[in-house]
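Coordinate-derived values only; no laboratory data. The structure presented is a predicted model; accordingly, all values stated were derived computationally and were not measured.
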Amino acid sequence: LSILLVFICIGYRYFQKIKFYKSLYLAATIAVALLLVVTGHQGGSLTHGSEYLALSHLNPAMEPTKKVITDINRAVVYEDLVQPIINQRCVSCHSNGKKKGGLLLDSYAHLLLGGESGKAIVKGNSKESEFIKLVTLNPGEERAMPPKGKTPLTKEELAIIKWWIDTGADEKKTVAQLKASPEMIVTLTSVSKNDTQPSDENTSVNLPEVASILPEKIDEISSLGLTVVKMTPNSNLLDVRSIIQKKDWNDSKTEKLVQIKDQVYILDLSNTAITNKALTTIGTFKMLRKLDLNGNNISDENFAALKGLQQLEYLNIYNTQISDQSIPTVSSFKNLKKLYLWKSKISAQGIEALKKALPNTDIVGGEENKNT
């Protein structure tokens, strides 16, 4: 390709009068065009996998449809939940078209086979599984997966894969057979319904326009132990999620997020170590559509500071100390589509009050609420 381009440039400059040059020039130009198509396709396949440039991406109807799970207890954990997550997050770099690290993740057999770094999955032990080690590394580390620029696993997706491995990484067992806890049922259900991802509306061209953030600033925020991903390639809105252990997060780190408060569209601080103090900080994130505070030691104190988040569409206060005292604040979120209340201190009566105040909201409360 390079030689042909040099020939065309030099020939056009010095040899136009030579007999047959025009024919050679035309042939060389056509050859360059064809080579560009071939090398471009190979480059795309090398970067994204052999299926990236297939016709299925031009016609959504040709893409495999996601299985609809009507009863989560009857779902086959690997086939219906684990492999679809891996397909979405990992297979573009770990399939026959692009076998990074010698690792294939496109089937159960390949997943167990592992790659150059060892066994991807150690049945019954997620801590020793190379797959889990790589996806839980700090995003700034060289071996961290996925590579920079790719969307990482959500906390819910990671929790499902770890649970599946720790229960034996069986290919055929269902959720019921693995005796999932009520907490895991909530996680499995949310992932199966795609509740942990931005909605179609969120990822559409109707996303609000906000000021851009310097890449260095995003790297600085990521180094705190977060994944920071743009909602879409052309948007400055951010999906921000904590990925470090609970003991390694604190309110001072939350305060540092104020630097990007006008860009944060999704904030997941579930199962971190934030306290009521952090609620005052989070209350300034006016662009928030999704807020996950699941599993934190927060209560009604300062919860009213969130009242300014009037664009919220998703709120998870599962497994917190939030009680009926905060119902007026929750009731003010008129745009809520999903509200998780399991293991909170909101009573059955409180849930009924919220259903009346928020008739268009899907409110998920558990048995624990009925007895409070």
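Overview of values
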{"read-out": "Extension gain, Gln325 back to Ala109 (0.36 nm per residue minus Cα-Cα distance, nm)", "value": "72.6 nm"}
{"read-out": "Cα shape, segment 273-358, gyration tensor, a/c 1.5 rule", "value": "oblate"}
{"read-out": "Theoretical gain in end-to-end length, Glu301 to Asn234 [0.36 nm per residue, Cα-Cα removed]", "value": "20.3 nm"}
{"read-out": "Cut-off under 5 Å, modelled amide H: who pairs with Ala169 long-range", "value": "Gly124"}
{"read-out": "Karplus-derived 3J(HN,Hα), 6.51/-1.76/1.60, for each residue of segment 158-166, Hz, glycine and proline x", "value": "5, 4, 5, 5, 5, 5, 4, 5, 5"}
{"read-out": "Phi to ³J(HN,Hα) by Karplus 6.51 cos²θ - 1.76 cosθ + 1.60 over segment 228-239, Hz, x for Gly, Pro", "value": "10, 10, 5, 4, 9, x, 9, 10, 9, 6, 10, 9"}
{"read-out": "Per-residue ³J(HN,Hα) for segment 214-222, Karplus 6.51 cos²θ - 1.76 cosθ + 1.60, θ = phi - 60°, Hz, x for Gly and Pro", "value": "4, x, 5, 5, 5, 4, 5, 5, 4"}
{"read-out": "Ser344 long-range amide H proximity, modeled H, under 5 Å", "value": "Asn319, Thr320"}
